[in-house]
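Working notes, beginning with the structure itself.
The values are calculated or read from the model by the stated rules, or taken from the named source; none is laboratory data. From a predicted model like this one, the values you see are computed outputs, not experimental measurements. So basically every Cβ, Gly included, is an ideal-geometry build from the backbone, and we count neighbours across all protein chains shown. Just the protein is used for accessible areas: all its heavy atoms, side chains included, with ligands, DNA and RNA removed. Shrake-Rupley method; radii C 1.70, N 1.55, O 1.52, S 1.80 Å.
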Amino acid sequence: MLRAYSNVGTTFRCVASDWPLADGEVLFDHEPTLQELENSFGFANGELVLKRQLDLIAQERFRREGSGIVVAGLIIDSFRDSQSLIAGMAVSAMLDPEYRCSYKSVAGFVDLTAQQILQIAQAVRSYVQACFDREKALSESARAGTLSSEMLTEGWPDSLPETPVANLQ
């Protein structure tokens, strides 16, 4: 069985010799080295490794970004949908200082005042920005060739990895 690698070099599918290849696929009869993949797809030396590293960093940032935070004793979901809902509540709270609403935190419903809503919105926004700041720093390390697997698990704001991260090579 042969392996057809995609033009990003990160995925392959097993194919028979007479099967048609998709656009951008290259066929190998063995496990290719990174250098072979880069040569086959016209990447510069190390470009494929860098792309893989940047993809892993972005995946880790997205995972951390959605891991949630604790604000004033409330566990707040920080997935994208929740960020949007919180931003909407914050707009209402800014327009009306007397605004109140029921919000479903991870532990259940709570009644929030405008001031509490703004506190949550600021904390979530700061947390998410810190995740992006860490992604930027790690991306700069990857481009400089100084990124290590250990760095991918360090320096994130108030979160712990739930599962081990992939090898960067």
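Within the range 66-99, the set of residues being open to solvent by 30 Å² or more (accessible area, probe 1.4 Å), part of a helix (DSSP H, G or I) and either in contact with a Phe, Trp or Tyr (Cβ under 8 Å, 6 or more places away or on another chain) or within 16 Å of residue 128 (Cβ to Cβ) (or both) comprises 80, 81, 83, 84, 85, 87, 88, 92. Taking every residue in the range 50-65 that is closer than 13 Å to residue 127 by Cα and in a helix (DSSP H, G or I) and pairing it with any residue that is modelled with pLDDT under 90 and open to solvent by less than 30 Å² (accessible area, probe 1.4 Å), at least 6 positions away or on another chain, the pairs with Cβ-Cβ distances below 6 Å are 64/159. For the range 52-76, a tally of residues being small (Gly, Ala, Ser) and over 10 Å from the mean Cα position of the chain (by Cα) returns 4.
Pairing each residue of the range 30-47 that is at pLDDT 75 or above with any residue that is small (Gly, Ala, Ser) and not in a loop (DSSP other than H, G, I, E, B), provided the two are 6+ apart or on different chains, yields C-beta distances under 9 Å for 32/40.
A search for C-beta distances below 6 Å between a residue of the range 72-98 that is farther than 24 Å from residue 158 by Cβ and any residue that is open to solvent by less than 50 Å² (accessible area, probe 1.4 Å) and among the aliphatic types (A, V, I, L, M), counting only pairs 6+ apart in sequence or on different chains, returns 97/114.
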